[in-house]
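Below is one structure; the comments refer to it alone.
The values are calculated or read from the model by the stated rules, or taken from the named source; none is laboratory data. Quick caveat: nothing in here was measured; it's all calculated off a predicted structure. Backbone-built Cβ (ideal geometry, glycine too); neighbour counts: all protein chains shown.
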Amino acid sequence: MDDFLFQALAASLGLSLISGPLGVFVVWLRMAYFGDTLAYSMLLGILAHGSLAVGLIAISLHDDVRIDLMAYLFGDILAVGTGELL
């Protein structure tokens, strides 16, 4: 198995093992308040998507910039290095 595939697999397994119990723990302690969550998520969601759209438009207007916009939007699990894994 290639080294970068092993690192991607280890990163995804580690993330799922950490985030699953953490989410259950937050709900179990009733730290997730539905009303506050909706209010703040709507406000931060509108600001986040608006600023992301402005940034993507600004990047797409430059002809000399050659970047992968999908990697910025969704990430790239195959680019996980040893330092991030540890």
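If you go through the range 40-86 and pick out every residue that is in a helix (DSSP H, G or I) and of a type outside the set (A, V, I, L, M), you end up with 13. Of the residues examined, Gly75 is one that is at positive phi and among the small types (Gly, Ala, Ser).
Right, Leu52: surrounded by 11 or more Cβ atoms within 10 Å (Cβ to Cβ) and at pLDDT below 85 or not? When the stated conditions are applied, Leu52 passes them.
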